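Please read the structure below before turning to the comments.
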Amino acid sequence: MISDFQELSDKIAQLAELTQTLRRENAQLRQANAALVADNMGYQRRLSEAHERVSALLEKIPAPADEAAPEKEDVQ
């Protein structure tokens, strides 16, 4: 019976150790996730800024002459 209690005590100690290990890992993953979210927000901001710059440049480009005044097609 004492060996049963010792075995149970050992398993409880293992469980406590595993719990602490998982808590540390969880904290590290949360920090890594927060860093990745911050990076992602920065990349989204940069992408939006680049999109705005490209759109502004495209608006400055004059339309080709054949597209500027579309011709009416003859309908038969």
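The values are calculated or read from the model by the stated rules, or taken from the named source; none is laboratory data. Please read these numbers as outputs of a predicted model, since none were measured by experiment. Every residue, glycine among them, receives a Cβ derived from its backbone with ideal geometry; neighbour counts consider all protein chains shown. Surface accessibility is based on the protein's heavy atoms, side chains included, excluding ligands, DNA and RNA. Shrake-Rupley method; radii C 1.70, N 1.55, O 1.52, S 1.80 Å.
Working carefully through the options A56, A32, find the one that is at pLDDT 95 or above, loosely packed, with under 10 Cβ neighbours inside 10 Å and part of a helix (DSSP H, G or I).
A56
Could you list, in sequence order, all residues of segment 1-29 that are of a type in the set (D, E) and either open to solvent by less than 70 Å² (accessible area, probe 1.4 Å) or within 23 Å of the chain's Cα centre (by Cα) (or both)?
E25
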